[in-house]
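One structure is given below, encoded as structure tokens.
The values are calculated or read from the model by the stated rules, or taken from the named source; none is laboratory data. Note that the structure is a prediction, hence the values are computed from the model and not measured. We place every Cβ from the backbone using ideal geometry, glycine too, and count neighbours over all the protein chains shown. SASA here: full protein model, heavy atoms, side chains in, ligands and nucleic acids out. Shrake-Rupley method; radii C 1.70, N 1.55, O 1.52, S 1.80 Å.
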Amino acid sequence: MDKRNETVTKTRNTPVGRRKSKARTKRAGGTGSARFYYKGNRLKQLRAFCYAVKFGSVARAAESLFLSPSSVSLQLSALEAEFGTRLLERTRPRLALTHEGQLLYDLARPLVEGMENLDRQFRLQQRGMEAQQIHIAAGASTIQYLLPPLVRDYRERHPDVRLQLANVTGKDGLALLRSDQVDFAVGSMLDVPHDLSYEPVQWFDPMLILPRDHVLAATEDIALEDLSPYGLILPPQRLTTYRLVDLVFQQRKVPYHVAIEVGGWEVIKQYVAMGLGISIVTGICITAADHERLSVRNMRRYFPQRSYGVVVRKGKYLSAQAHAFIDLIKPDLFARRDYYESGHSER
């Protein structure tokens, strides 16, 4: 080997020479787009992108993915460089999708969720159980008063699908939604977290219920101040009804006192009928039979209506069977809703 060839060979074998050789290869080979890849995994980038949109921040996405925020940021930057456009606006309190980002998300979300659920779906299909059951979270009043006709109709149309109703309220129901242990929830919400979507479908007035022989039973127009002398029977403080009643009395500076705190509308109605107190309940629990043993007055001018509807986790994949149940409640309920619109509040 002559000295010139020996010099070229040695130069190529140095770190600088190898870097220059790789750069020339990229320019010549037409595979320069690979330089944008962070750790060379498109699925990881798309997953980081979907989680960042879902949780609204890089930090929360990183926590859910068990990565560092810097790793998620690098994956997002690599994805934007690859597509040559800005996908997320980072100047707001929460990350917001650009127009191009929304287009990519609509394509990427089913792919990412499909990969994440691949093992579960495979196991279900392997056992012949695919979409043969749906899981619904709901409170006791929803299960008792709102769902029975829907469950009956659904069973008539889909007799092979198993329904599992989780009787939960408040934080427990939200936890089941977020962990994907239920497909959706049916119930009432006042404040909707940003990672959930809530669509109300029915509204019910607040009702004052009294024993039929109560002194106020002869009064048609009952004012809030008229209730002060009498003990209220209310659900536990952790539930929305108690908080709403307390809020209204506090805002109007009307004194009140709770005589009995107990869960369950049927129990409350029974105690009121026994003359143990009076109560403010949601109209969903008032039946025709209740008018025979109770005096009922509409209190809408003091207390807000309560809505009941469907709650889903944003980005949640719903099976055809789950969609069929929601369509019984209201057809195309989520069809026109922006999946990334912040959840609204009824308060």
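Brief remarks follow.
- Options Leu67, Leu74; residue that is open to solvent by 60 Å² or more (accessible area, probe 1.4 Å), part of a loop (DSSP other than H, G, I, E, B) and either among the acidic types (Asp, Glu) or more than 18 Å from Lys314 (Cβ to Cβ) (or both): Leu67
- Boolean, Gln102 is surrounded by 13 or more Cβ atoms within 10 Å (Cβ to Cβ), part of a helix (DSSP H, G or I) and touching a helix residue (DSSP H, G or I) at 6+ places or on another chain (Cβ under 8 Å): no
- Candidates Asp180, Asp172, Asp153, Asp160, filtered to the one that is over 23 Å from Pro236 (Cβ atoms), within 20 Å of the chain's Cα centre (by Cα) and either open to solvent by 40 Å² or more (accessible area, probe 1.4 Å) or not aromatic (Phe, Trp, Tyr) (or both): Asp180
- Residue in the stretch 196-216 that is within 24 Å of Leu276 (Cβ to Cβ) and either assigned to a helix (DSSP H, G or I) or in contact with a Cys (Cβ under 6 Å, 6 or more places away or on another chain) (or both) present: yes
- Ala217 satisfies every condition listed in (1) of a type in the set (A, V, I, L, M); (2) closer than 28 Å to Ala175 by Cα; (3) open to solvent by less than 30 Å² (accessible area, probe 1.4 Å); (4) touching a strand residue (DSSP E or B) at 6+ places or on another chain (Cβ under 6 Å) except (2).
- Filter result for the condition that a residue is open to solvent by less than 40 Å² (accessible area, probe 1.4 Å), at pLDDT 85 or above and not hydroxyl-bearing (Ser, Thr, Tyr), over Ala61, Ala131: Ala61
- Top-ranked residue of the stretch 223-278 - restricted to ones that are part of a helix (DSSP H, G or I) and of a type in the set (Phe, Trp, Tyr), ranked as least open to solvent (accessible area, probe 1.4 Å): Phe249
- The lone exception for Thr98 - which of (1) farther than 25 Å from Pro193 by Cα; (2) modelled with pLDDT of 90 or more it fails: (1)
- When Arg293 is tested against the conditions (1) modelled with pLDDT of 95 or more; (2) surrounded by 13 or more Cβ atoms within 10 Å (Cβ to Cβ), the lone failure is (1).
- Every residue from the stretch 279-295 that is in a strand (DSSP E or B) and hydrophobic (A, V, I, L, M, F, W, C): Ile280, Val281, Leu294
Every residue, every condition in (1) at pLDDT 90 or above; (2) surrounded by fewer than 16 Cβ atoms within 10 Å (Cβ to Cβ); (3) under 29 Å from Met207 (Cα atoms), yes or no:
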site: Phe303; (1), (2), (3): yes, no, yes
site: Gly309; (1), (2), (3): yes, no, yes
site: Gln321; (1), (2), (3): no, no, no
site: Asp327; (1), (2), (3): yes, yes, no
site: Pro331; (1), (2), (3): no, yes, no
site: Gly343; (1), (2), (3): no, yes, yes
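- Scope the stretch 40-80; condition among the small types (Gly, Ala, Ser), over 23 Å from Leu196 (Cβ atoms) and touching a Leu at 6+ places or on another chain (Cβ under 9 Å); matching residues: Ser71
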